[in-house]
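Q: Let me give you the structure first, and then I'll get to my questions.
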Amino acid sequence: MKRLLIAGVVLAATFAGAGPVLADPVDDTLEIDGTPIITRTAAPEGHPFDELYSGWLFRESETRDLSRDSFENPGMIAVEDGEALWNTVMGTEGKSCATCHEDAAVSMKGVGAKFPKWDADSQKPINVELQINKCLTEQMGAEALPFNKGGQQELTAYIKHQSLGLPVEMDLSQGDMQSWWEKGKDVYYTRTGQLNLACASCHETAMGKMIRADHLSQGQVNGFPTYRLKSGLTSLHQRFRGCIRDTRAEQPKAFSDDLMALETYVTWRGTGLSVETPSVRQ
Amino acid sequence: MTRRMKITLGAIAAVALSTAAIASEVSPETVEFTDDGVAVSLTGVAGDPVAGAEAFKNRRLGNCLACHANADMAGELFHGNVGPELDGVADRWEEPMLRAIVVNSKHVFTDETVMPGFYSLDAGKDVAKDFVGKTILTAQQVEDVVAYLGTLKE
């Protein structure tokens, strides 16, 4: 009934004129199972915004409510699947993640909040997905997981979920992270595709506006992998690729240098927001 | 005349006709912008406001509603507000300026303008294969949208 009422209000407003004009994130606070979540915070120095907003503040009230309670959050199924994988032996060494890292609630607490990190071996930034692959191939005698396959998203969601509520905090002083940040900034402001749009066109210039039915957020990544009501569990590089495809551009490969640089830069843009994985979005 | 010749001649005539149609169309590279906008029709064929309204709301064509509210289309759900409302837009701009804004608003406003150029090859990086060398709207669709915008008076 609530849903019907809301639909009625939207219809009435639409027929009366141009529909409800939302310009700002909502005034609401989020606690997930008693853990306070930082959904607004002051931006770090050098940031184009003064205040950072979690994408949670841009969603409808029903979607926001799904995030509050882990029993209601459909993304938690993936987290449970990830937990099972954590304890599953993979590869020729007879090891599971838990063999070395034991209880993820202890060993992985805070880890997800600090990625991407500098990886001295590859001389590139590394994210949680690629760190899992590194463990699989170098420690466990297993094959690397292909993008979005073999439980990659679920394991990533499980690991990041251990940092729920902790603020995103990258260390750009490691290795060459600063130059990857710069490269990611270039990617962020580069217009792509026939529609000639950059990340910044929607998520900075038009932040808070409506693009058709979608309320444009700051494009924060603190909730990934995220559960999208229209497409289910969605990894960060899947979302990057989807956005870029929507500009009618060729999609860069997941974990390519461009997208690793972009992940580095946009993660920094959310410095201080809580990890919300798995967030619920539209 | 053999049958084969007839077909060949027919084909040549058809090609000649379609070339003539294209030749009278202004290509995206040669659209002339003046202080008043784009004064000359891109096709020489009057725009059809009904077809223009369809291109305006169709998500695969103009998808103008994604960013612009338009009270004339109150029956359509979800009007965006990234750009200004278009109610009465024909009172604010003459036809040449409306055409210029649709063709490539970055020539009218600034390079920072979010709005794509709908009849421009000045696109972003790595245009997807299917769209390389193509404009978002055809010349006639631009004329149709401009004709529709011309009806939006208060």
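Q: Out of the residues in segment A:108-139 that are of a type in the set (S, T, N, Q) and assigned to a helix (DSSP H, G or I), state the one that is surrounded by the fewest Cβ atoms within 10 Å (Cβ to Cβ).
A: Top of the filtered list is A:THR137.
Q: While we're here: Just to be sure before I move on: is A:ASP81 in a loop (DSSP other than H, G, I, E, B), of a type in the set (Asp, Glu) and outside the structural domain of A:THR277 (by TED's automatic domain parsing) in the structure I sent?
A: Criteria not met by A:ASP81.
Q: From the list B:ASP91, B:ASP87, pick out the single residue that is in contact (Cβ under 8 Å) with a residue 24 or more places away in the chain, part of a helix (DSSP H, G or I) and of a type outside the set (Phe, Trp, Tyr).
A: Only one candidate passes the filter, namely B:ASP91.
Q: Criterion first (closer than 29 Å to A:GLU250 by Cα and without any contact (Cβ under 8 Å) to a residue 12 or more places away in the chain) does B:ARG60 satisfy it? Don't jump to the end; show me each part of the working.
A: On the way: closer than 29 Å to A:GLU250 by Cα: yes; without any contact (Cβ under 8 Å) to a residue 12 or more places away in the chain: yes.
When the stated conditions are applied, B:ARG60 passes them.
Q: Can you report the number of residues in segment A:190-228 which are on the phi < 0 side of the Ramachandran plot and either assigned to a loop (DSSP other than H, G, I, E, B) or touching an Asp or Glu at 6+ places or on another chain (Cβ under 7 Å) (or both)?
A: The qualifying residues number 19.
Q: Which residues, counting only those in segment A:229-282, are within 10 Å of the chain's Cα centre (by Cα), among the charged types (D, E, K, R) and in a helix (DSSP H, G or I)?
A: Those that are within 10 Å of the chain's Cα centre (by Cα), among the charged types (D, E, K, R) and in a helix (DSSP H, G or I): A:ARG239, A:GLU263.
Okay, residues lined up against (1) touching a His at 6+ places or on another chain (Cβ under 8 Å); (2) within 30 Å of A:ARG40 (Cβ to Cβ); (3) touching a residue at least 24 places away in the same chain (Cβ under 8 Å):
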site: A:ALA84; (1), (2), (3): no, no, no
site: A:VAL111; (1), (2), (3): no, yes, yes
site: A:PRO116; (1), (2), (3): no, yes, yes
site: A:SER122; (1), (2), (3): no, no, no
site: A:ASN133; (1), (2), (3): no, no, no
site: A:ALA142; (1), (2), (3): no, no, yes
site: A:GLN152; (1), (2), (3): no, no, yes
site: A:TYR158; (1), (2), (3): no, yes, yes
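Q: Another question, if that's okay. Suppose we filter segment B:127-142 for residues that are touching a helix residue (DSSP H, G or I) at 6+ places or on another chain (Cβ under 8 Å) and of a type outside the set (S, T, N, Q); how many remain?
A: Qualifying residue count for the region: 3.
Q: Further, regarding this structure: Name the residues in segment A:167-189 that are within 16 Å of the chain's Cα centre (by Cα), surrounded by fewer than 18 Cβ atoms within 10 Å (Cβ to Cβ) and either outside any strand (DSSP E or B) or on the phi > 0 side of the Ramachandran plot (or both), would you?
A: Across segment A:167-189, the qualifying residue is only A:GLU169.
Q: Okay, next question. Pick from segment B:69-84 the residues that are within 20 Å of A:SER217 (Cα to Cα) and surrounded by 15 or more Cβ atoms within 10 Å (Cβ to Cβ): which of them is farthest from the other protein chains (Cβ to nearest Cβ)?
A: B:GLY83
Q: Quick check on my filter: what residues within segment B:111-146 are facing chain A (nearest Cβ under 8 Å), among the aliphatic types (A, V, I, L, M) and outside any loop (DSSP other than H, G, I, E, B)?
A: Listed by number, the list holds a single entry, B:VAL127.
Q: Looking only at residues in segment B:45-84 that are part of a loop (DSSP other than H, G, I, E, B) and in contact with a Cys (Cβ under 8 Å, 6 or more places away or on another chain), which one is farthest from B:VAL114 (Cα to Cα)?
A: Among those that are part of a loop (DSSP other than H, G, I, E, B) and in contact with a Cys (Cβ under 8 Å, 6 or more places away or on another chain), it is B:ASN70.
Q: If you check every pair at least six apart or on different chains, which have Cβ atoms under 7 Å apart with a residue in segment A:37-51 that is at positive phi first and a residue that is among the charged types (D, E, K, R) second?
A: none
Q: Still on this structure, please answer the following. Name every residue in segment A:199-210 that is of a type in the set (A, V, I, L, M), within 9 Å of another protein chain (Cβ to nearest Cβ) and crowded, with 20+ Cβ neighbours inside 10 Å, in order of residue number. Can you show your working first?
A: The initial filter retains those residues of segment A:199-210 that are of a type in the set (A, V, I, L, M), namely A:200, A:206-207, A:210.
After this cut, where a residue has to be within 9 Å of another protein chain (Cβ to nearest Cβ) as well, the list is A:206, A:210.
A:MET210 - this is the single residue of segment A:199-210 that is of a type in the set (A, V, I, L, M), within 9 Å of another protein chain (Cβ to nearest Cβ) and crowded, with 20+ Cβ neighbours inside 10 Å.
Q: Right, here's the next one. Which residue out of A:ALA105, A:ALA142 is outside the structural domain of A:SER274 (by TED's automatic domain parsing), in a helix (DSSP H, G or I) and among the hydrophobic types (A, V, I, L, M, F, W, C)?
A: A:ALA105
Q: Please indicate, with yes or no, whether at least one residue in segment B:45-54 is within 22 Å of A:GLN194 (Cβ to Cβ), β-branched (Val, Ile, Thr) and more than 12 Å from chain A (Cβ to nearest Cβ).
A: no
Q: Quick check on B:LEU98: is it surrounded by 15 or more Cβ atoms within 10 Å (Cβ to Cβ), outside any loop (DSSP other than H, G, I, E, B), free of Cβ contacts under 8 Å to residues at least 40 places away in the same chain and not charged (D, E, K, R)?
A: Working: surrounded by 15 or more Cβ atoms within 10 Å (Cβ to Cβ): yes; outside any loop (DSSP other than H, G, I, E, B): yes; free of Cβ contacts under 8 Å to residues at least 40 places away in the same chain: no; not charged (D, E, K, R): yes.
In short, no.
The values are calculated or read from the model by the stated rules, or taken from the named source; none is laboratory data. Bear in mind that the values here come from a model prediction, so they are computed numbers and not experimental data. Methodologically, a virtual Cβ is constructed for each residue, glycine included, from the backbone with ideal geometry; neighbour enumeration extends over all protein chains shown.
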